[in-house]
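Below you'll find the structure, written out as structure tokens, and then a few comments.
Derivation of every value follows stated rules applied to the coordinates shown; laboratory data play no part. Everything numeric here is computed off the predicted structure, so don't read it as measured data. Here the Cβ positions follow ideal geometry from the backbone for every residue, glycine too, while neighbour counts run over all protein chains shown.
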């Protein structure tokens with residue numbers, strides 16, 4: 001199996017040559033082409049929506065060896081079903097290599113005027129969206145795509161093309177392995193897996209616990225006249241937190257105490273709760289702050305009156321000796337202090 005690529009600037013001529021009935025030019029495959037229309041109508045449809053590119057069509061001839069031709073012609077209907085599959089895979093491989101024909105009108109026609117079975121593929125260079133067909137490296141890609149499909153189905157391929165395709169596949173395989181190696185992350189140990197699963201279960205249990213508390217509290221608020229008593233029977237205690245507001249306290253089966261804010265953690269509609277539980281209990285009066293006892297000397301000192309020029313010499317005259325010896329002498333000798 002071999003592929004030869006050519007160019008054409010005449011859409012009508014390319015379609016006419018491919019469908020030459022003198023060469024049994026019957027169409028096996030077509031894309032965005034009305035097979036029920038006459039050749040002239042098909043060409044007119046292609047020309048009407050084609051851009052004015054210098055290359056209007058690409059032609060690719062797929063040919064088989066004499067041995068392969070004999071094998072195909074021995075099959076029912078000259079092996080057209082087999083060839084249809086082979087050429088369909090060839091076009092897919094060509095598209096995967098960068099020359100995507102999926103949006104381009106094309107036809108695949110069979111010719112039997114030679115000893116080698118061969119097929120003409122005509123691809124319009126303007127796709128159905130009005131964009132140009134990407135034809136980068138189409139010769140190389142077509143040759144290697146044909147060699148790839150030939151090796152896939154056990155057909156014969158040109159030696160050079162087969163060698164290049166094998167080297168290409170080996171290089172792609174090495175790059176894939178290298179990329180996989182770079183992206184590979186060592187698998188977690190069993191302890192890490194267990195810890196991750198434990199955390200996952202803890203999160204799920206917390207969600208279920210919160211949903212159950214919300215259901216119990218809202219049901220008690222709507223249905224029970226004794227809201228506090230109903231919660232107590234469920235092992236729940238309400239209390240006010242300065243930061244979180246009204247909260248509920250519970251004890252798990254394992255003895256662990258948990259606290260949740262009714263509004264922030266459980267998402268309870270506070271308007272359905274009794275008004276008696278919404279107001280916080282009066283806070284305890286603050287105790288007097290502790291102050292160390294005054295010394296005996298300091299207990300005799302009065303605060304100086306505001307604006308007075310006198311200072312620490314204001315003392316209580318209670319028949320006790322003064323700390324100042326001069327003042328003591330004056331007092332004993334009748335001086336008025």
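Given 4 °C and 1.567 mPa s, compute D for region 202-278 with the Stokes-Einstein relation, Rh being the Kirkwood radius over Cα pairs; round to the nearest whole µm²/s.
On the way: Rh = 12.7 Å.
Approximately 102 µm²/s, per Stokes-Einstein.
Between residue 53 and residue 134, with labels modelled 7 Å along Cα→Cβ, what's the label distance in nm to one decimal, could you check?
1.3
Quote to one decimal, in nm, the extra length available between residue 223 and residue 85 on full extension: 0.36 nm per residue of separation minus the C-alpha distance between them.
Numbers: separation 138, 0.36 × 138 = 49.68 nm, distance 7.23 nm.
That works out to 42.5 nm of additional length.
Note down the relative contact order for region 2-182 as a percent, whole number, built from C-alpha pairs under 8 angstrom at least six residues apart. It would help to have the intermediate numbers written out before the result.
Working: 275 pairs, mean separation 52.3, N = 181.
Relative CO of region 2-182 lands at 29 percent.
What's the exposure ranking of 246, 15, going from fewest to most Cβ atoms within 10 Å?
On the way: 246 18, 15 26.
Neighbour counts put them in this order, fewest first: 246, 15.
May I ask you to derive the FRET efficiency for residue 163 and residue 28 from their Cβ-Cβ distance with R0 = 35 Å, giving the value to the nearest 0.05?
0.75
Cα atoms only: what Rg and Dmax, in Å, come out for region 130-274?
When restricted to Cα atoms, region 130-274 yields Rg and Dmax of 33.5, 93 Å.
At 0.36 nm per residue, minus the direct Cα-Cα distance, what do residue 13 and residue 102 gain on full extension? Give it in nm, one decimal, please.
The residue 13-residue 102 span can extend by a further 29.8 nm.
Given just the C-alpha atoms of region 21-149, how large is their convex hull per residue in cubic angstrom? Could the numbers behind the result be given before it?
Numbers: hull volume 14.4 nm³, N = 129.
Considering the Cα atoms of region 21-149, their hull volume per residue is 112 Å³.
Per-residue counts of other Cβ atoms within 10 Å, averaged by peptide: what ranking do you get for 4-14, 26-36, highest first? Don't skip to the end; give the middle numbers.
Working: 4-14: 16.4, 26-36: 13.8.
Highest to lowest by the protection proxy: 4-14, 26-36.
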